[in-house]
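Structure first, commentary second.
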Amino acid sequence: MKNEDMMFFPQKSRISSSHTGGMTHVIRIHEDITEPSNWSDELDLINGASESDTVVLDLCTDGGDLHTAMLFVRALNNCAAHTVGILGPQVASAGSIMGLSCREWILDDTSSLMIHTSSYGIMAKDTDIFEHANFSRQQLKRLYENVYKGFLSDDELSDVIKGTPFYFDA
């Protein structure tokens, strides 16, 4: 089948908004977190939200692209609006970074969270792989300290950076 013979359906929006005093914007992240260009609308909404708004991330994801998660962290940290992360039933990896970057968290009996260091694979010369791993480890250490400090103890944070995964439930 050729591309021109295929029917394409528009992707359903992840965003819904309602007006009660200020605007409440709900961003549903019920899928893998893909490359940053797929999340422009959501990031624009967070970056443009005002002090009278509330931005809610409704998360149920196995995680995904670290760069996208880092863009969400930056947007949430700079967001003028109140930010809320609804965690669960499964929030893992990059999803935990995004959810715990919100100012408030909502949990229920089904909530679970998984925190771990990143996984990746690259094809390169051994020296390039070594340098990339060293750079990545330092970058992740700064990110994890920014996001997880206060949620994880210092020892747990150190263990995550060393490669130990942590699982939490409500």
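The values are calculated or read from the model by the stated rules, or taken from the named source; none is laboratory data. For clarity, every value in this text was computed on a predicted model and none was experimentally measured. Cβ atoms come from the backbone with ideal geometry, glycine included; neighbour counts cover every protein chain shown. When the accessible area is computed, the model is the full protein with side chains, heavy atoms only, and any ligands, DNA or RNA have been set aside. Shrake-Rupley method; radii C 1.70, N 1.55, O 1.52, S 1.80 Å.
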- Item | Inter-part distance where segment 114-170 and segment 76-113 are each reduced to a Cα centre, Å | 19
- Query: Which entry in [x] 1.02; [y] 1.18; [z] 1.06 is this structure's computed Rg/Rh (Cα atoms, Kirkwood Rh)?
  - Reply: [x]
- Query: Sequence-distant or interchain residues sharing an amide H contact under 5 Å with VAL56, placed H: which?
  - Reply: HIS25, VAL26, ILE27, VAL84
- List the longest stretch of the chain that has no exposed loop site; here a site is one of the trypsin sites (Lys or Arg not before Pro) assigned by DSSP to anything other than H, G, I, E or B, with at most 16 other Cβ within 10 Å. 13-102
- Carbon/sulfur fraction of accessible area - segment 73-170, other protein chains in place, 1.4 Å, %: 53
- Task: Please give, to one decimal in nm, the separation of the simple spin-label points placed at THR110 and ALA133, each 7 Å out from Cα toward the Cβ.
- Result: 4.0
- Would you check the accessible area of VAL26, probe 1.4 Å, heavy atoms only, in square angstrom rounded to 10? 40
- Over the chain, average the accessible area per residue using a 1.4 Å probe and give it in Å², no decimals. 59
